[in-house]
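Visitor: Take a look at this one; I'll ask things after.
Please treat every number below as a calculation from the coordinates, not as lab data. Because the structure is a prediction, the values reported are computed rather than measured. Methodologically, a virtual Cβ is constructed for each residue, glycine included, from the backbone with ideal geometry; neighbour enumeration extends over all protein chains shown.
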Amino acid sequence: MALSARSILDVSDLNSDEVFFLLKETKKLKEQAKPHGVDFSQNLSKSVALMFFEPSTRTRTSFEMAAFRLGLRVLNFSVNESSVKKGETVFDTAKNIEALKPDAMVVRHGGSGIPYKISQLIKIPVINAGDGFHAHPTQALLDAYTIWERFNDFKNLEILIIGDIAHSRVARSNIKCLKMLGAKITICAPPTLIPPFAQAWGVKISHNLDEVIAQANVVMSLRMQLERQSSYQVPSLKEYSSLFGITFERLKAIRKDAIILHPGPVNRGVEFISAVFRDERSKVMEQVSNGALMRSVLLSEVMGVPR
């Protein structure tokens, strides 16, 4: 598959054949059941720079584990300890890191489009680890793998995405990816948390969770991104949770053969109750495990290293 040296900035940088290739290769890697993948000595001459300008737990550590699994050297950039704090621009920082000769760069930034702009300035491939409200392609890929692992297909699957659609790069990337693969998408949120152009995405829109939750094969809750919302978008978290959270009653309403996803971090008691974590339909922790595997495959393909 011709992903070598390509930047992956959005799901639209991949076609369905390439996505299915990544899913199948992730399955192969998972079935190998090797704790660290290939012999580290094979790839130690290669390095990847992790440029995280935003806080992250799952995505950063997942990329780190993905790189370790491949035996890559990791150059970790911390914005709080960098010259960005002294006034250096993001783009000058990226150029300076490129001068250290890494073979690829993973970028996360709060500004939409920043990874794309960086990819235009440097000569090594850039992987978008999340930018503003725009995109989070590797999250969409690992979510797609988690769904495919359970159902082995996407045709006619009913996917329900609940919550802060307006501020969610995860929702945008998942909608693109899952529609490309043949799934049907419903988004459910208060009107204030659904962007006015959402109808153009080719999704069903609901404002009543109780009317749609029982139909879904996949129930994906999103984090309420309080740091990006105005105080007027929901009256209170308590009211939001009562109308759009997965409560005990709604947990009972979800199909027995469905799965429950969340990209994390979870606001317990807001997006769903703690009992969801103990439910056998919950794949939240599998998403984390699958993320490191999927990102190993993607790094391997983009950087041209064995796995």
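Visitor: To the nearest 10 degrees, how steeply does helix 284-303 sit against the main Cα axis of the chain, on a 0 to 90 scale?
Guide: 30
Visitor: Taking the Cβ of Ile122 as the center, what net charge do the other residues with Cβ under 13 Å away carry, scoring Lys and Arg +1 and Asp and Glu -1?
Guide: On the way: positive: Lys95, Lys101, Lys117, Lys123; negative: Asp92, Glu98, Asp103.
Around Ile122, the surrounding residues sum to +1.
Visitor: With the Cα gyration tensor of region 140-189 giving a ≥ b ≥ c as the square roots of its eigenvalues, does the rule (a/c under 1.5 for rounded; else a/b larger than b/c for prolate; else oblate) give rounded, prolate or oblate? Working shown, then result.
Guide: On the way: a/c = 2.05, a/b = 1.62, b/c = 1.26.
Because a/c hits 1.5 or more and a/b exceeds b/c, region 140-189 counts as prolate.
Visitor: Now for a different question. Can you check what the net charge comes to around Phe63, using other residues whose Cβ is under 10 Å from the Cβ of Phe63 (Lys, Arg +1; Asp, Glu -1)? Could you put the intermediate results ahead of the total?
Guide: Numbers: positive: Arg58, Arg60, Arg108, Arg295; negative: Glu64.
My count for the surroundings of Phe63 gives +3.
Visitor: Once the dipole of region 137-284 is set up with Lys and Arg at +1 and Asp and Glu at -1 on Cβ about the Cα centre, which of Ser242, Gln199, Pro137 lies farthest towards its positive end?
Guide: It is Pro137.
Visitor: Let me ask you something else. Rounded to the nearest 5, what is the percent of antiparallel bridges among the DSSP beta bridges in the chain? Don't skip to the end; give the middle numbers.
Guide: On the way: 1 of 35 bridges.
Expressed as a percentage, antiparallel bridges in the chain total about 5.
Visitor: Still on this structure: Please state the charge dipole magnitude for the chain, taken about the Cα centre, from unit charges on C-beta atoms (+1 on K and R, -1 on D and E), reported in debye and rounded to the nearest 20. Intermediate values should be presented prior to the final figure.
Guide: On the way: 39 positive and 31 negative charges, 63 e Å.
So the magnitude is around 300 debye.
Visitor: Ranked from highest to lowest mean number of other Cβ atoms within 10 Å per residue, what is the order of the peptides 2-14, 195-207? Provide the component values of the computation, followed by the final result.
Guide: Details: 2-14: 17.9, 195-207: 13.4.
Packing order, densest peptide first, comes out as 2-14, 195-207.
Visitor: Still on this model: Excluding same-chain residues fewer than 8 positions from Lys204, which aspartates and glutamates have a Cα within less than 15 Å of its Cα?
Guide: Glu158
Visitor: Here's a follow-up. Could you state the number of Å between the C-alpha centres of region 45-118 and region 271-304?
Guide: 21
Visitor: Given axes a ≥ b ≥ c from the Cα gyration tensor, I'd like to know whether region 174-307 is rounded (a/c under 1.5), prolate (a/b larger than b/c) or oblate. Walk me through the numbers before you get to the answer.
Guide: Working: a/c = 1.63, a/b = 1.43, b/c = 1.14.
The shape class here is prolate.
Visitor: Excluding residues fewer than 8 places away in the same chain, name every one of the lysines whose C-alpha is closer than 18 Å to that of Lys46.
Guide: Lys101, Lys123
Visitor: Quick one: among Leu193, Leu100, Leu50, which has the greatest mean-square fluctuation in a GNM of the chain with alpha-carbon springs under 10 angstrom?
Guide: Leu100
Visitor: Springs between alpha-carbon pairs under 10 angstrom, Gaussian network model over the chain: which of Ala166, Ala275, Ala216 fluctuates most?
Guide: Greatest mean-square fluctuation among the candidates belongs to Ala275.
Visitor: Restricting to Cα pairs below 8 Å that are 6+ residues apart, what does the relative contact order work out to for the chain? Please round to a whole percent.
Guide: Values: 563 pairs, mean separation 65.6, N = 307.
Value for the chain: 21 percent.
Visitor: Give me Tyr145, Tyr240 ranked fewest to most by other Cβ atoms within 10 Å of their Cβ, as a rough exposure proxy.
Guide: Numbers: Tyr145 25, Tyr240 21.
Final ranking by Cβ density, sparse to dense: Tyr240, Tyr145.
Visitor: Using a cut-off of 10 Å between beta-carbons, work out the net charge of the residues near Phe154 (Lys and Arg +1, Asp and Glu -1, Phe154 not included). Mind showing how you got there, number by number?
Guide: Numbers: positive: Lys155, Lys179, Lys184; negative: Asp153.
Charge balance near Phe154 sits at +2.
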